[in-house]
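Visitor: This is the structure, below, for whatever I ask next.
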Amino acid sequence: MKINMPPYVTFILDRLEKGGFQAYIVGGSIRDILLDKEPNDFDITTNAMPDYIEKIFEDKKTINVGREFGTIKVIVDDKEVEVTTFRKEGNYSDGRRPEWIEFVPDIEDDLARRDFTINAMAYNKKTGIVDPFNGKKDLENKIIRSVGNPIERFKEDYLRILRAVRFSTSLDFEIEDETFKAGKKYSSNISKVSVERITEEFFKIILSPKPSKGINYMKELDLLDIVLPEIVPAIGFNQQNPHHDKDVYNHILCVVDSAPPILKIRLAALFHDMGKPHTLSVDEKGIGHFYGHDKIGSEIAKKALKRMKAPGKLTEQVAILIREHMTHHAKFKEKGLKRLIRRVGIENIHDLFELQKADRKCSNKNASIEHILDMEKKVDNILEKKEVYEINQLNIDGEDLIEIGFKEGKIIGDILEYLLEKVMENPSINKREELEKLALKKYATKPYI
């Protein structure tokens, strides 16, 4: 079987072979090619030692990203490729790097250290596909299987348990029984892995075509208590509400699956109803209500994402979307929609509508999103007409107010907020002269001038 590779990859392989060494593309790139997907990147493995790799590519830019682990990055045509010496390796006790590595002469020894059979294949033009663990067959059968003994593979790096979930979710494969049993047995050890590595894998699960598959696998493997304990109270939690036909957990999973694969929306979908188990009240008719669950859910998300060491901006955007996700129940007039845009931010407003549509679709089979589409249309109209919803869009600012006699201080902000309210009601008055008149009429009789 011949595999087509980009010219920069072929260049690196050919040069290593001309230097008297074996060289193969390896791992995920082979898997993706066999699945008719375009690889995100290519990794190369070789029996050349790091010093020889640098010498062979002395006319190219190279970066020492881990010489002690056999890895040199080679840059060809502005493309970066990691070239790594065949190796065996020890446990990842620090959650980042193996305790020890041993360079080996044989490609099959190198493939034996890899996590799953579908990632333990190599290829070059001369040899073809090297597949000692039947990864190609597991690809065809849609199975995630550890290379060799799964207990040994997981003990080397406990993150592999979560990676098994990630691959099964992103590829829509099933985890092989022995691999699953070993993962469940040792799942508590994932707490020994660095938060950053766990979060990276978890976010990939959230962005997969059907995240619910991965979250359910995490539940079955007893990973949720460690990775996402906030969702545990939602499991089996009856909403006791005629507008919902699922428990909170399955409603959340439905919303995550239905939301577009944008990280802040998927995370907002994941956390949006986690406040419900903490806010249930039942009225005299036996109907459940969850007053304030949006605010509680927003706080839960912020704490969880801080624990996950997510970027601050992402955390704040997710919190905003959750806090505002119930606003589709309000009957906003135009001014109310402008206030909503201001609260949420123009960069998040359409993401909010996507979250609300997914939430509504997953409420019950008769739920309609027409009112959300109507809100979205009205907001688009406001934005297209460039109507004012922020103070900095006013044709007056604090310096202008000081120029006509107002004192510096809190009053300047109060006046601008007042003028914004007036302009949101009547966009035609957004002229400096008219705004000055309004400010003087409202505040000139008070000790502000």
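The values are calculated or read from the model by the stated rules, or taken from the named source; none is laboratory data. Because the structure is a prediction, the values reported are computed rather than measured. We place every Cβ from the backbone using ideal geometry, glycine too, and count neighbours over all the protein chains shown. Heavy atoms of the whole protein, side chains included, go into the accessibility calculation; ligands, DNA and RNA do not. Shrake-Rupley method; radii C 1.70, N 1.55, O 1.52, S 1.80 Å.
Visitor: Looking at segment 156-174, I want the residues that are more than 29 Å from TRP100 (Cα to Cα) and have a partner that is assigned to a loop (DSSP other than H, G, I, E, B) and hydrophobic (A, V, I, L, M, F, W, C) with Cβ atoms under 8 Å, at least 6 apart or on another chain. Which pairs are those?
Guide: Partner pairs satisfying both residue conditions: LEU171/LEU35.
Visitor: Here is a further query. Please find, among VAL104, VAL130, the residue that is among the β-branched types (Val, Ile, Thr), open to solvent by less than 30 Å² (accessible area, probe 1.4 Å) and closer than 30 Å to ASP172 by Cα.
Guide: Working: VAL104 fails: closer than 30 Å to ASP172 by Cα.
The match here is VAL130.
Visitor: Turning to a different aspect of this structure: For segment 204-239, what are the residues that are under 21 Å from PHE167 (Cα atoms), open to solvent by 60 Å² or more (accessible area, probe 1.4 Å) and of a type outside the set (D, E, K, R)?
Guide: If the condition is that a residue be under 21 Å from PHE167 (Cα atoms), open to solvent by 60 Å² or more (accessible area, probe 1.4 Å) and of a type outside the set (D, E, K, R), then LEU207, PRO209 are the ones that fit.
Visitor: Hey, another quick one. Looking only at segment 398-421, which residues are outside any helix (DSSP H, G or I) and either among the aliphatic types (A, V, I, L, M) or at pLDDT 95 or above (or both)?
Guide: Scanning segment 398-421 gives a single hit, ILE404.
Visitor: Moving on. Filter the helices (runs of 4 or more DSSP H) completely within segment 1-96 down to those with at least 1 residues that are within 30 Å of the chain's Cα centre (by Cα) and more than 30 Å from SER191 (Cα to Cα).
Guide: Of the helices (runs of 4 or more DSSP H) lying wholly inside segment 1-96, those with at least 1 residues that are within 30 Å of the chain's Cα centre (by Cα) and more than 30 Å from SER191 (Cα to Cα) span 7-18, 28-34.
Visitor: Kindly evaluate LYS125 against the criterion of being modelled with pLDDT under 95, in contact with a Leu (Cβ under 8 Å, 6 or more places away or on another chain) and open to solvent by 80 Å² or more (accessible area, probe 1.4 Å).
Guide: yes
Visitor: Please work out which residue is most open to solvent (accessible area, probe 1.4 Å), limiting yourself to segment 9-59 and to residues that are in contact with a strand residue (DSSP E or B) (Cβ under 8 Å, 6 or more places away or on another chain) and more than 24 Å from ALA120 (Cβ to Cβ).
Guide: Ranking the candidates gives PHE11 first.
Visitor: Looking at segment 333-379 only, could you name the residues that are of a type in the set (A, V, I, L, M), more than 25 Å from GLU425 (Cα to Cα) and either exposed (fewer than 15 other Cβ atoms within 10 Å of the Cβ) or free of Cβ contacts under 8 Å to residues at least 12 places away in the same chain (or both)? Step through it out loud before you land on a result.
Guide: Let us first name the residues in segment 333-379 that are of a type in the set (A, V, I, L, M), namely 337, 340-341, 344, 346, 349, 352, 355, 358, 367, 369, 372-373, 375, 379.
If we keep only those that are more than 25 Å from GLU425 (Cα to Cα) as well, we get 355, 358, 367, 369.
The one that is of a type in the set (A, V, I, L, M), more than 25 Å from GLU425 (Cα to Cα) and either exposed (fewer than 15 other Cβ atoms within 10 Å of the Cβ) or free of Cβ contacts under 8 Å to residues at least 12 places away in the same chain (or both): ALA367.
Visitor: Only one residue in LYS386, LYS441, LYS407 is on the phi > 0 side of the Ramachandran plot, without any contact (Cβ under 8 Å) to a residue 60 or more places away in the chain and loosely packed, with under 15 Cβ neighbours inside 10 Å, so which one is that?
Guide: LYS386
Visitor: If you go through segment 278-287 one residue at a time, do you hit one that is touching a Pro at 6+ places or on another chain (Cβ under 9 Å), of a type in the set (A, V, I, L, M, F, W, C) and in contact (Cβ under 8 Å) with a residue 12 or more places away in the chain?
Guide: yes
Visitor: Residues being among the aliphatic types (A, V, I, L, M) and either touching a His at 6+ places or on another chain (Cβ under 6 Å) or under 18 Å from GLN240 (Cβ atoms) (or both): count how many of those fall in segment 289-303.
Guide: Selection size over segment 289-303: 1.
Visitor: Which of the numbered conditions does GLU399 fail, given that it passes all the others? Conditions: (1) without any contact (Cβ under 8 Å) to a residue 12 or more places away in the chain; (2) closer than 21 Å to LEU337 by Cα.
Guide: Here GLU399 clears every test but (2).
Visitor: Oh, and also: Output the residues belonging to segment 133-176 that are open to solvent by less than 30 Å² (accessible area, probe 1.4 Å) and outside any helix (DSSP H, G or I).
Guide: ILE144, SER146, VAL147, ASP157, PHE173, ILE175
Visitor: What are the residues in segment 415-432 that are open to solvent by 60 Å² or more (accessible area, probe 1.4 Å) and without any contact (Cβ under 8 Å) to a residue 60 or more places away in the chain, if any? Reasoning before the result, please.
Guide: Here is the first cut: in segment 415-432, the residues open to solvent by 60 Å² or more (accessible area, probe 1.4 Å) are 417, 422, 425-426, 428, 431-432.
Matches in segment 415-432: GLU417, LYS422, ASN426, SER428, LYS431, ARG432.
Visitor: Quickly run through segment 275-308 and pick out the residues that are over 18 Å from the mean Cα position of the chain (by Cα), in a helix (DSSP H, G or I) and hydrophobic (A, V, I, L, M, F, W, C).
Guide: The one that is over 18 Å from the mean Cα position of the chain (by Cα), in a helix (DSSP H, G or I) and hydrophobic (A, V, I, L, M, F, W, C): ILE296.
Visitor: List the number of the failed condition for LEU394; all other conditions in (1) of a type in the set (A, V, I, L, M); (2) exposed (fewer than 15 other Cβ atoms within 10 Å of the Cβ); (3) at pLDDT 95 or above hold.
Guide: In the conditions (1) of a type in the set (A, V, I, L, M); (2) exposed (fewer than 15 other Cβ atoms within 10 Å of the Cβ); (3) at pLDDT 95 or above, LEU394 misses (2) alone.
Visitor: Kindly indicate whether any position in segment 81-92 is of a type in the set (Asp, Glu) and surrounded by fewer than 16 Cβ atoms within 10 Å (Cβ to Cβ).
Guide: Checking segment 81-92: not a single residue is of a type in the set (Asp, Glu) and surrounded by fewer than 16 Cβ atoms within 10 Å (Cβ to Cβ).
Visitor: Moving on. With the checklist (1) open to solvent by less than 30 Å² (accessible area, probe 1.4 Å); (2) assigned to a helix (DSSP H, G or I) in hand, flag the one item LYS184 doesn't pass.
Guide: The failed condition is (1).
Visitor: Follow-up. Can you find even one residue in segment 385-393 that is over 38 Å from the mean Cα position of the chain (by Cα) and of a type outside the set (A, V, I, L, M, F, W, C)?
Guide: Within segment 385-393, not a single residue is over 38 Å from the mean Cα position of the chain (by Cα) and of a type outside the set (A, V, I, L, M, F, W, C).
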